[in-house]
Amino acid sequence: MRKPLAITLLGVLWLMTGAASWMQFQTVPADGSEGMTVTGLYRLPEGQGPFPAVIMVPDCDGISPHERQWGEKLAEAGYAVHLLDSLFTRNQETGCGDVPAFDQRDDVRGSLAKLLTLPEIDPERIYVMGWQDGADIALAMASEAPHGMAGAVVFYPSCTAEPVLQRPTLFVAPDQYNGAALCDAYMRREHSAGAVTIQRIAPYGVGAGFDCESCSDGYLGGPGGYNQPALELVEGALFEQMARLIGEPAE
């Protein structure tokens, strides 16, 4: 995604609501080595907890107005939100292309471990939600199935790795993005395997970035762009489908 210049202003506005703050946490590398301190925007909904929670994994270019707006919608729907900033403390402007590599799964594990310590969070209803590269990370986590992760929600993933899913997964997979055919075959295979619940929301005639109003100059996922009717269709179905996704608590 190409981030617009409005990101800084929108970030300030999101924090000025008083409902969001930066929450630091330690990464959890899979090899058991020492983690590092990273951060993410943490926001609670109104009302009494414990709340279901969503760990939000942005695309490879980091937090943008796109994910922040989804964070607001999730909070309005009653979810606690931890929007990961994997780039800032690593002093990287982007995670796209030929840049120093890091394993973003370490950050997701760390966020999950942090959320499980918080009394306001329902430990049986923590989702990992990602967009494009972040969606591929969410799929990898649904295969790894760490303790406390109840399900994944993925917006237009590439589906190139095709991990064997061990957690219920909801795909938001429009029919016109570059990974549509590969993801369709992958979803059918995982559904046929029957190990976990597989659900799909499939907006028609749009591509990656259909939900990104600020992406006026294109999105890495291919042809398409912002489409308000498709976004409204997905918004109308997403939270209902998320509530249905988890039939059993995470192990």
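What follows is calculated from the coordinates using simple rules that are stated; it is not laboratory data. Note that the coordinates shown come from a computational prediction; the quantities given were computed from them, not determined experimentally. No Cβ is skipped: glycine too gets one built from the backbone with ideal geometry, and neighbour counts run over all protein chains shown.
Can you put Thr197, Thr89, Thr160 in order, fewest other beta carbons within 10 Å first?
On the way: Thr197 18, Thr89 14, Thr160 10.
Fewest to most other Cβ atoms nearby, the residues stand as Thr160, Thr89, Thr197.
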**Request:** Divide by every residue of the chain the summed helix terms, -39500 (n - 2.57) for each DSSP H run of at least 4, and state the resulting mean residue ellipticity at 222 nm, rounded to the nearest 500 deg cm²/dmol.
**Result:** -10000 deg cm²/dmol
**Request:** For the chain, just the Cα atoms, rotate onto the principal axes and tell me the three extents in Å, largest first.
**Result:** 42, 40, 39
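Taking Cα pairs under 8 Å and at least six residues apart, what relative contact order does segment 34-153 come out at, in percent? Write down the numbers at each step before the final one.
Working: 215 pairs, mean separation 39.0, N = 120.
Here the relative contact order equals 33 percent.
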**Message:** Skipping prolines and chain starts, which residues have an amide H placed within reach, meaning under 5 Å, of the one on Ile201, given they are 5 or more residues away or on another chain?
**Reply:** Phe171, Val172, Ala173
